[in-house]
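Notes to accompany the following structure.
The values are calculated or read from the model by the stated rules, or taken from the named source; none is laboratory data. This is a predicted model, so every value here is computed, not measured. Using ideal geometry, Cβ is built from the backbone for each residue, glycine included, and neighbour counts are taken over all protein chains shown. Just the protein is used for accessible areas: all its heavy atoms, side chains included, with ligands, DNA and RNA removed. Shrake-Rupley method; radii C 1.70, N 1.55, O 1.52, S 1.80 Å.
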Amino acid sequence: MKAKAFDTGLFKRILKYTKPYKWRYYGVILFAVSLSVFAALRPYLLKQTVDGYIKTHDKHGLLMYIILMGVVLLMEVFSQFYFVYWANWLGQDIVKDIRNKLFKHILSFRMKYFDLVPVGQLVTRSVSDIESIARIFSQGLFMIISDLMKMLVVLIFMFYMNWKLTWIVVVAMPILVYITRIFQRKMQVAFEEVRTQIANMNSFVQERVTGMKIVQLFNREKIEAENFKTINDKHRVAWIKTILYNSIFFPIADIISSITLGLVVVFGGFKILNGDNFTTFGDLFSYTMFIGMLFNPLRQIADKFNEMQLGMIAANRVFDIIDTQDHIQDTGTLDAPVFEGSIEFKDVRFSYIPEEEVIRGINLSVTSGQTIAIVGSTGAGKSTIINLLNRFYEINSGTIFIDGNNIENYTLASLRKQIAVVLQDVFLFANTIYNNITLHNPEITREQVIDAAKKIGVHDFIMSLPENYDFDVKERGVMLSSGQRQLIAFLRSYVSNPSILILDEATSSIDTYSEELIQRATETITKGRTSIVIAHRLATIVNADKIVVMDKGLIVEQGTHQELLTKANGYYKNLYDSQFSVAN
């Protein structure tokens, strides 16, 4: 959705976030009013000083007015300080609340959303776009209110002092207002393009940095540099448009202000020289200040409106995400207990893309405490079964039962708490090994982690690292080998004490030593609980209670290792023979 020049509905929605801080909000407005009064009072006092005391050589009165102007100046400084401080403080509190709401909402999205939306775009929305919203309050809204109040008070003083001279100024104002309006419209379009290009650049950089190994392995450095150059050029062009509009507007605004000031001085000066009582020297002195105080805010309102536009565009993008209802329906009312572990898939169908089913009406039963293995070629639907069991995606039709209950009847949090998954591509956060194991769960103690590590044979490996359990694995666990990361993932799953364990290609692409440790860990953590093992290497699942063979979204064979080997020209037998013939 494209933002309007000024979306009133969107603006009201942003203002709702000020409700918890209403006293600070009203305080900022109060200081904006007082700031405008004290600012306009200074030129008026200057007029009184010139006409009443300098002209009459009244030193005592002059001293009193100098002191009075000093007091007014201090009050203006006091009001300015609290106005700026509270406006920025309010903006940061609002940003905090919106960012918390946004991130919590993102956490609830189903996996399909992340399949379609670039990570860099979400990072832009969560960081830079939200900071732009803060500028609505720190540099936009309240600054505009302050400037408008200052202009209003200045005009009141000017009309009170000399209404005839003031009309010269007032006649010039519509010209500047018209030019300002044109400028605002142009800048709105330009800023929309700027935000789009920033999001594109963030997405591009995030993907290339994450996939740097692939970029370098396939010698794509020059190609990606050229691609980045193209995106960067578009970003530059978008910003140059804003620079161009600013370069045109502000000199024109300055010229109009200077011409107006010149007309006032020339007209008023000739009247004084002719002995006319039309105006005084004090008026001219004060008007040189008043015109700047009147035209500069009018000119700066355009600049502040730019900040408002940036914030409104950013808010529009952020609220687009907050308004997106692309999450798994958590309508279950049952709090999943410790499962016995029986699982049943009944006529389950699923597709990532409409009308392209990857699971085509499967029926599968797993007995409590059983270890089953799922095998098949790439794209057969093995990992999809795991995603459906965890409710990362909604099934098209059919039902999945755990312990006789439809999994949709369980609350999401309690369901996933009872299911642990060890993936082939283990993700570790840039944190310590201990925190990557517990994921900051306060219910898991260090003693429990160490005891679990000893049971599955991981403790010695961890103790060999610098700082042991407090070793920082850096981003995505780059300080560890793939096998070591797998071991950490096994330990993470074990300490969570799940009812159901899923191992998704957990022993592929690792060295022999790590595989031996993982085999020992597997035996330990699968004992006494239902386990589902997705395997590429068939040698790792020969002892499974049941092997399920999948092909093109269908279950084509089921049985034990020995039973499946007896099927002449069976899918599993051919797969097994092909693997071991290659190995030999």
Straight-distance crosslink candidates among aspartates and glutamates, where the alpha carbon sits under 13 Å from Lys573 and sequence neighbours closer than 8 are dropped
Glu557, Glu563
Hull volume per residue for the chain, using the convex hull of the C-alpha atoms, in Å³ is 211 Å³
What number do you get for the range 457-502 when its Cα radius of gyration is normalised by 2.2 N^0.38 Å, N = residues?
1.21
Mean separation of Cα contacts under 8 Å (6+ apart) over length of the range 343-581, as relative contact order %:
27 percent
Calculated [θ] (222 nm, deg cm²/dmol) that DSSP helices of n ≥ 4 give over the chain, each run adding -39,500 (n - 2.57)
-21000 deg cm²/dmol
Spherically averaged projected area of the range 350-416 from its Cα convex hull (nm²)
5.1 nm²
Degrees between helix 482-495 axis and first principal axis of the chain (Cα, 0 to 90, nearest 10):
90 degrees
Please go through the residue pairs Lys96/Lys234; Lys16/Lys304; Lys112/Lys222 and name each one whose alpha carbons sit more than 26 Å apart in this structure.
Lys96/Lys234; Lys112/Lys222
If you take the beta carbon distance between Trp89 and Ser578 as r and set R0 to 60 Å, what does 1/(1 + (r/R0)^6) give as a FRET efficiency, to the nearest 0.05?
0.30
Compare Arg485, Arg181 by solvent-accessible area with a 1.4 Å probe and give them largest first, with all protein chains kept in place.
Arg181, Arg485
Note to self: with every protein chain in place and a 1.4 Å probe, the chain gives an accessible area per residue in Å² of 51 Å²
Going Cα to Cα from Lys150, which aspartates and glutamates come in below 17 Å? Please leave out same-chain ones fewer than 8 positions away.
Glu76, Asp303
Translational diffusion of the range 518-582, µm² s⁻¹ [Kirkwood Rh, Cα pairs; Stokes-Einstein; 20 °C; 1.002 mPa s]
167 µm²/s
How large is log10 I(q)/I(0) at q = 0.12 Å⁻¹ when the Debye formula is applied to the Cα atoms of the range 21-162, each weighted equally and without solvent?
-0.65
Rounded to the nearest 10, the angle in degrees between the Cα long axis of helix 141-210 and the longest principal axis of the Cα atoms of the chain comes to 20 degrees
When every protein chain stays in place and a 1.4 Å probe is rolled, Leu15, Leu334 sorted by accessible area with the largest first are Leu334, Leu15
With +1 on the Cβ of every Lys and Arg and -1 on the Cβ of every Asp and Glu, the dipole magnitude of the chain about its Cα centre, in debye rounded to the nearest 20, is 2020 debye
Just the number, please: carbon plus sulfur as a percent of the accessible area of the chain, 1.4 Å probe, no ligands or DNA/RNA counted.
59 percent
Cut-off under 21 Å on the C-alpha distance; same-chain residues fewer than 8 positions from Lys59 excluded. Which lysines are left, in chain and number order?
Lys47
In whole percents, the bins of 10 Å from zero upward hold the Cα-Cα pairs of the range 163-278 as 12, 25, 18, 15, 12, 9, 6, 3, 1
The range 330-371 to the range 394-453: how many Å between their Cα centroids?
17 Å
If one takes the longest principal axis of the Cα atoms in the chain, at what angle in degrees, from 0 to 90 and to the nearest 10, does the Cα axis of helix 22-49 lie?
20 degrees
